[in-house]
Amino acid sequence: MEGYTLPEFLLKSSVKAFQNANSLAKYCGIIWNDNDSGDFEAEDKRMSKAGNSYLRYYIIEATGSVIRHCPEYERFYHKKYAETRNHQHKRALALTSRKFIRLLYGLLDKSQLYSPEKSR
């Protein structure tokens, strides 16, 4: 990743290498570790440190910009922010990043440019 901008990296790497958007998110490191035991399922899970840390950073930075400029993503961020009392910003930003990754994967898979009118 060093030496590439996010768009250059995404264009140079084949999206076909990933089965779906979830596997791309896993490669980016935007996943949560399972913190379960038996029937117990923890509410507070840490984000995995696996994956490409540079790509994670740039995806999250890009998501911040998308939140500022796209009303749909801003509404989604605020909705996720209001859902919890712990780690509000980090959780909402990570979940919005996952939504952004789904958009990126779909656009790259279909070789399309983003159009706000078509995203609805």
- Item | Residues of type lysines that LYS16 reaches as a straight line, Cα spacing below 22 Å, ignoring anything fewer than 8 places off in the same chain | LYS26, LYS99, LYS110
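Between LEU103 and HIS78, 0.36 nm times their residue separation minus their Cα-Cα distance comes to what? Please report the intermediate quantities before stating the final value.
Numbers: separation 25, 0.36 × 25 = 9.00 nm, distance 1.85 nm.
Full-extension gain reported as 7.1 nm.
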- Message: Given axes a ≥ b ≥ c from the Cα gyration tensor, I'd like to know whether segment 63-105 is rounded (a/c under 1.5), prolate (a/b larger than b/c) or oblate.
- Response: prolate
- Note on the structure: Under the Karplus relation with 6.51, -1.76 and 1.60 and θ = phi - 60°, whole-Hz ³J(HN,Hα) for segment 92-100, x at Gly and Pro, equal 5, 5, 5, 5, 5, 4, 4, 5, 5
- Message: I want to check the label-to-label distance for ASN86 and LEU113. Put each point 7 Å from Cα in the C-beta direction and report it in nm to one decimal.
- Response: 4.5
- Report GLU83's accessible area, 1.4 Å probe, all protein chains in place, as a number in Å² to the nearest 10. 90
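With a cut-off of at most 14 other beta carbons within 10 Å, and DSSP calling the residue loop, which chymotrypsin sites (Phe, Trp or Tyr not before Pro) in segment 41-113 qualify? Please list them.
Working: sites: TYR54, TYR57, TYR58, TYR73, PHE76, TYR77, TYR81, PHE100, TYR105; in loops: none.
Nothing satisfies the criteria.
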- Long-range HN-HN contacts of TRP32 with modeled amide H, under 5 Å: SER48
- Message: Spelling out what I want: for every residue of segment 107-116, take phi, set θ = phi - 60°, compute 6.51 cos²θ - 1.76 cosθ + 1.60 (Karplus), and round to whole Hz; glycine and proline get x.
- Response: 5, 5, 5, 9, 6, 10, 8, 6, 9, x
- Convert each backbone phi in segment 53-62 into a coupling constant with the Karplus relation 6.51 cos²θ - 1.76 cosθ + 1.60 (shift: θ = phi - 60°), then list the ³J(HN,Hα) values in order as whole Hz, x for Gly and Pro. 5, 5, 5, 4, 4, 6, 5, 5, 4, 5
- Message: Rolling a 1.4 angstrom probe over the protein chains, ignoring ligands and nucleic acids, what is the accessible area of VAL15 in square angstrom, nearest 10?
- Response: 20
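The values are calculated or read from the model by the stated rules, or taken from the named source; none is laboratory data. As the structure is a computational prediction, the values presented were derived from the model and not from experiment. With ideal geometry, Cβ positions are generated from the backbone for all residues, glycine too; neighbour counts draw on all protein chains shown. Note: accessible area is taken over every heavy atom of the protein model, side chains too, but ligands, DNA and RNA are not part of it. Shrake-Rupley method; radii C 1.70, N 1.55, O 1.52, S 1.80 Å.
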